[in-house]
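Notes to accompany the following structure.
What follows is calculated from the coordinates using simple rules that are stated; it is not laboratory data. Quantities reported herein were computed from a predicted structural model and do not represent experimental measurements. Counting neighbours? That spans all protein chains shown, and the Cβs are built from the backbone with ideal geometry, glycine included.
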C-alpha cells in the first residue's frame, strides 16, 4: 500500500501523454498563418537580427504594427536563437505556456479540491477546442502566454482570499506586470472578476488590501513596468505612445474590422469552442452559486470566469481566440458539474461514464490537432505559404524564386528569412513589371497564371493547391505590368 501511494504521487507525469499528443505533436507541420503569426514571427526574427529588444522590426524597418509589449517576442527570440528559424521554434513558447497552464491547473486543483477534480479539470481543459488550436496553444501569438499569466493571477488572488497573506497581493502585482508585457491591456482583464468576487465573498477584504504595504508595492511595480516600457519605447520610436493609446481605445470604441454582437463569445462557447463541456459547465456554475456547501474554489472560478466573459463581451473588437483565458477557470467549474453527476452513479457505472464522457472529445482533439485543417478559402488564400513550407522540408531549390503576392506578406517574409538559412534567396514583390525570361516565379491561382501567360510562355514546374511554381520561357510582345 505504501508503494502504491508513493507511485500515485507521481501520477501527474501521465499528463505528459495527452499534452504531447494534443499540443506538441506536429506543432511545426502547418505553414505560418496570415496576419498575427506573420507579424509575431517576423518581429521576433528581425528584432533578433537587429539586436533590438524593444523596438520591433518588419521587412528591415522599425515597425509600429507591433503595439503589444514584447514578452512573447522575447521568448520567441530565445527559441530562434537556440533552434533556428522554423515554424516549430516560433510556436514553441505558446505550446510551453499552454503545457505549464495544464500542470498549474492540476497542481492547484489537487491541493484545494482533490485528485479527482485535478484530473477532471486538466483533461477537460486538454480537450477544449478553445484552448488548443490555431491562435491559442498551437499558434505563434501571445494568447497562450497571456492565458498562463492570467490564470496565475487568479490563483494568486484566491490564495490571498483564503489565507489573508498579503504577500500574494505583491505576487499578483508582478503577474499583472507580466500580463501587460505579454499583451498590453489584456493583462488587466482578470482584475474586474477579482473585484466582483471580493464584493460577493467578503467586502472587508478591501480594507485588508488598502491597509497593506504589499498592495502599494504591487501598484508601484505595475505602474513602473507599464510606464517604464511605454516611455522607453516612445523614446526609441517617437510616436509609439500615441499609437498605443489610439489602438487600445479603439478596441472598446471601434470595431477595427472585427465587429460582433455582445453574445459572440457566449454563442461560440455553446456551438464550437466549448460545445462538449458547456452543459456540464452550466451545471457546475449553477451549483456553485446555490449550494452553500460548495468548495470556495468552485464558486471563485465561476464568478471570475463569468466576469471575464462579460468584460471581453463589451469590447467592440472581437476575435474568437480572445476567450482563451476563460478555459482554465471553466474547466474547474465543469469538473464540479461532472463530479455532481458522478455522485449519482455506482462505482462501476462511474468508470463507464468517465470513459464515455472523455473518449469523443479526446479523439476529436487528437484528430483536429493533427489534421491542422483550414477552411477551404483559407487553404486557397494561403497556398503560397503552404507551398514554401512543404518545399523547404523537401529540400527543393527555390534560390532566387520570385514570389508574387497580392495580400499581406508577413508569412511570406517569414519564409524568406527561413530560406536564408539554406542560402536560398526568395524575392517578394506585388507586381510583375521586372520579370524576365528564365525567372522562376511562385504565384497563387490560375488567374495569375493567365495574366503571366499574356507576356510569357510558361512551364509549370510544381503546384500545391492554388500555388504554382512557373518557369518563364519565351517573352511575347505585350507585357502586363501588374497583377
Q. Against the longest principal axis of the chain, how steep is helix 326-342, in degrees 0 to 90 to the nearest 10, with axes from Cα atoms?
A. 50
Q: Specify the inter-centroid distance of region 380-415 and region 169-220, based on alpha-carbon positions, in whole Å.
A: 45
**Q.** Whole-percent pair-distance distribution, where bins are 5 Å wide, for the alpha carbons of region 378-475
**A.** 3, 14, 27, 27, 19, 9, 1, 0
Q | Degrees, to the nearest 10: 347-371 long Cα axis against longest axis of the chain | A | 20
(Q) Please report the antiparallel percentage of the DSSP beta bridges confined to region 378-475, to the nearest 5. (A) 70
Q.
Could you work out the relative contact order of the chain? I mean the mean sequence separation of Cα pairs under 8 Å and 6+ apart, divided by the number of residues, in percent.
A. 16
Q. Cα centroids of region 418-461 and region 313-358: how far apart, whole angstrom?
A. 50
Q. Going by alpha carbons, how many degrees (0 to 90, nearest 10) lie between the helix axis of 115-126 and the longest principal axis of the chain?
A. 20
Q) Gap in Å between the Cα centre of region 126-145 and the Cα centre of region 35-67? A) 22
Q) What does region 422-472 give for Rg and for Dmax, in Å, if only its C-alpha atoms count? A) 10.8, 34
Q.
Just want the ordering: 263, 127, from fewest to most Cβ atoms lying within 10 Å of their own Cβ.
A. 263, 127
Q: Quick one: order 180, 298 by neighbouring beta-carbon count within 10 Å, fewest to most.
A: 180, 298
Q.
What does DSSP give for the chain in terms of the percent of beta bridges that are antiparallel, rounded to the nearest 5?
A. 75
Q) Using alpha-carbon pairs under 8 Å, 6+ residues apart, how would you state the relative contact order of region 275-329 in percent? A) 27
Q: Report the label-to-label distance for residue 366 and residue 217 in nanometres (one decimal), using points 7 Å from each Cα along the Cα→Cβ vector.
A: 4.8
Q: Just subtract the alpha-carbon distance of residue 61 and residue 286 from 0.36 nm times their residue separation and send over the number in nm, one decimal.
A: 75.7 nm
Q) Counting other C-beta atoms within 10 Å, which of 260, 448 has the fewest, and how do the rest follow? A) 260, 448
(Q) If I model a spin label as a point 7 Å beyond the Cα along the Cα-Cβ vector, how far apart are those points for residue 202 and residue 167 in nm? (A) 1.9
Q | Protection-proxy order for peptides 56-67, 30-41, 413-424, each taking the mean of Cβ atoms within 10 Å per residue, highest first | A | 30-41, 413-424, 56-67
